[in-house]
Amino acid sequence: MGVASLGSGSRGNGTLVSIGGAVFLVDCGFNLKQTEQRLSRLQLSPGDLTAILVSHEHSDHIAGVTALSHRYSIPVYASYGTQKNGPKDFTCHAFDGDVPFEVAGVTVNPVVVPHDAREPTQFVLQHEATKIGVLSDLGSVTQHVINQFTGCDYLLLEANHDRGMLQRGSYPAALKRRVGGDHGHLSNTQAVELLTRIAHTNLHVVIGHISEQNNDAGLVADLFAGLRPQLGSLSIANQHEGQMWVGEQPMTRQISFDKVM
């Protein structure tokens, strides 16, 4: 079991979750060639993926899903709202938010979150006693979110922006209000407050979706440093390199790109 990141930020997102013998890709905002290369860096091929889970229809999360799923016949799961608002050629197995379903023996819980999309969800995946969460793209922390993500063994958590940097930055006023609003993205402070609520010494955390314009990885590291003693581990995913496996790397099927029709 474990998590890894293909890359995390406003120019593309993709989180890998290995659990119960299955490998899930949560979101894919990269083109097909980039996705293949980023998977290879993590010693995986697209043929190793059990399914793709899509959190919402924003391009940095969904842009690469159709090409990847069609090329390698990978099933896709997304909410009904995402299905309706996705790209023109987007197809998926649609689900209702907050209604768990099973894929390859793993329970997938699509947790409804406050974000400015049609029917956005984030995900908690569970197999037997193992629980892994992916939590990005939400503007505020609800009690429902806290309840659903408590008890995770691994967690990718958004810390999108520093409020001061956002306000001083070059974004138009409307975009600043969107990003910093209740249906935008978590600030560093909000992410620290959330993690304080759910931290435990067996929780391994990857901080992601860090804005390249409105945040700084060094600042994020400093802000979260006080929580390190309460966690199993803490690492940071970035846009270019993502994050290598935290936890156990999954077994691969060793399927090369040119062998998949």
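The values are calculated or read from the model by the stated rules, or taken from the named source; none is laboratory data. Quantities reported herein were computed from a predicted structural model and do not represent experimental measurements. Cβ sites come from the backbone with ideal geometry, for glycine too, and all protein chains shown count toward neighbours.
Can you name the residue in region 50-78 that is assigned to a loop (DSSP other than H, G, I, E, B) and touching a Phe, Trp or Tyr at 6+ places or on another chain (Cβ under 9 Å) and, of all such residues, is farthest from Gly7 (Cα to Cα)?
Thr50
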Could you grab me the full set of residues in region 80-120 that are more than 23 Å from His70 (Cα to Cα) and of a type in the set (S, T, N, Q)?
-> Thr107, Asn109
Among the residues of region 196-222, how many are touching a residue at least 40 places away in the same chain (Cβ under 8 Å) and in a helix (DSSP H, G or I)?
-> 4
Is it true that some residue in region 190-205 is modelled with pLDDT of 95 or more and in contact with a His (Cβ under 7 Å, 6 or more places away or on another chain)?
-> no
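Looking at region 79-131, what strands (runs of 3 or more DSSP E) fall wholly within it and have at least 1 residues that are over 27 Å from Leu203 (Cβ atoms)? Lay out the reasoning, then the answer.
Values: elements: 93-95, 101-103, 106-112, 121-127.
Strands (runs of 3 or more DSSP E) meeting the threshold: 93-95.
Quick check on my filter: what residues within region 132-156 are part of a strand (DSSP E or B) and within 20 Å of Ser187 (Cβ to Cβ)?
The answer is Gly133, Val134, Leu135, Leu155, Leu156.
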Subset of region 17-48 that is touching a Gly at 6+ places or on another chain (Cβ under 7 Å) and part of a helix (DSSP H, G or I) - its residue that is surrounded by the fewest Cβ atoms within 10 Å (Cβ to Cβ) = Leu32
Counting only residues in region 47-106 that are in contact with a helix residue (DSSP H, G or I) (Cβ under 8 Å, 6 or more places away or on another chain) and of a type in the set (Val, Ile, Thr), the one farthest from Glu36 (Cα to Cα) is identified as Thr82
Qualifying residues in region 12-33 (those that are touching a Leu at 6+ places or on another chain (Cβ under 7 Å) and not aliphatic (A, V, I, L, M)) - the one nearest to Leu135 (Cα to Cα) | Thr15
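For region 157-174, name all the residues that are assigned to a loop (DSSP other than H, G, I, E, B), buried (at least 22 other Cβ atoms within 10 Å of the Cβ) and not polar (S, T, N, Q). Steps first, please.
Going through region 157-174, the residues assigned to a loop (DSSP other than H, G, I, E, B) turn out to be 159-160, 162, 169-172.
From what's left, buried (at least 22 other Cβ atoms within 10 Å of the Cβ): 159-160.
Hit for region 157-174 is Ala159, nothing else.
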Can Ser5 be described as within 23 Å of Leu166 (Cβ to Cβ), within 11 Å of the chain's Cα centre (by Cα) and not in a loop (DSSP other than H, G, I, E, B)?
-> yes
Can you tell which of Gln249, Gln230, Gln190 is out of contact with any strand residue (DSSP E or B) (no Cβ under 6 Å at 6 or more places or on another chain) and either more than 23 Å from Val124 (Cβ to Cβ) or surrounded by 17 or more Cβ atoms within 10 Å (Cβ to Cβ) (or both)?
-> Gln190
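Thr15 - would you say it is in contact with a Cys (Cβ under 7 Å, 6 or more places away or on another chain), in contact (Cβ under 8 Å) with a residue 24 or more places away in the chain, β-branched (Val, Ile, Thr) and more than 13 Å from Val108 (Cβ to Cβ)? Explain how you work it out, then say what you get.
Working: in contact with a Cys (Cβ under 7 Å, 6 or more places away or on another chain): no; in contact (Cβ under 8 Å) with a residue 24 or more places away in the chain: yes; β-branched (Val, Ile, Thr): yes; more than 13 Å from Val108 (Cβ to Cβ): yes.
Considered against the rule, which asks whether it is in contact with a Cys (Cβ under 7 Å, 6 or more places away or on another chain), in contact (Cβ under 8 Å) with a residue 24 or more places away in the chain, β-branched (Val, Ile, Thr) and more than 13 Å from Val108 (Cβ to Cβ), Thr15 comes out as no.
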